[in-house]
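All remarks here apply to the structure that follows.
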Amino acid sequence: MKIAEPLDVLHSKEALATRIAELGAQIAKDYAGKELVLVCVLKGATLFFADLVRAIDLPLSIDFIGLSSYGEATESSGVVKITSDLTKPIQGKHVLVIEDIVDTGLTMRYLLDNLATRHPASAKICALLHKPARARTKIDIDYLGFTIPDLFVVGYGLDYGEKMRNVPFIGVMKPGGVK
Ligand code: 5GP
């Protein structure tokens, strides 16, 4: 069985590429002349991150942070742990956090509060997806790919029980799609 077979396409490979090119151009314009660090939130944002960095025509550096949220697999508890920290200080740097999806917003709230203690020159967010229906805290997303309805999405880095991250589009389970 093909891995993407149980999925309906929500945002195609082509739609993702088009939107990411737009985001990259906007970010390049906004950060010209600034010392920019792009921080990828593991693991979900990895595919988005890899495509986005190549769409930003600026000198920049990259770093990674691993976060895990306690609680059910599909429900954020708001209690977040850093499982793998940044490799370099961000003091005085312009940080742009790259996230796969802002759902309740609790993970991003925790991360922004944590980064603020490290005194960056600025800290902004770029998220591929936003599910405003489930927001539990107000997060200003500075660069957003797509607003989506209250659906559990998979693919393009987003997992279903750690699988399906390698599906090349954003999909939703077909009714009765999971085997
Ligand atoms: P939040 O703290 O905003 O509720 O959730 C953030 C994290 O929950 C995301 O980074 C992602 O890992 C996971 N998440 C939230 N919604 C979805 C979804 O629809 N699909 C998948 N695969 N993960 C999600």
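Just so it is clear, none of the values below were taken in a lab; they were calculated from the coordinates. What you see is a predicted model, and the numbers here were worked out from it, not measured in a lab. As a convention, Cβ positions derive from the backbone with ideal geometry for all residues, glycine included, and neighbour counts pool all protein chains shown.
For the chain, the antiparallel share of DSSP beta bridges with both residues in that region comes to about 35%. Measuring between alpha carbons in the structure, the pairs from 34/124; 138/174; 93/138; 34/88; 93/124 lying more than 20 angstrom apart are 138/174; 93/138.
Remark: the range 92-179 projects, on average over all directions, an area of 6.6 nm² (convex hull of Cα atoms). For the chain, list the DSSP H helices whose alpha carbon atoms reach 18 Å or more along the long axis and whose average Kyte-Doolittle value is -0.5 or above? TM-like helix candidates: 13-30. Working note: Debye formula, equal point scatterers on the alpha-carbon atoms of the chain, no solvent; log10 I(q)/I(0) at q = 0.11, 0.13, 0.16 Å⁻¹ is -0.46, -0.64, -0.97. The listed peptides 92-104, 153-165, ordered by packing as a protection proxy, come out as 92-104, 153-165 (highest mean of other Cβ atoms within 10 Å first). Pairs of alpha carbons in the range 1-105 separated by more than 23 Å make up 39% of all such pairs.
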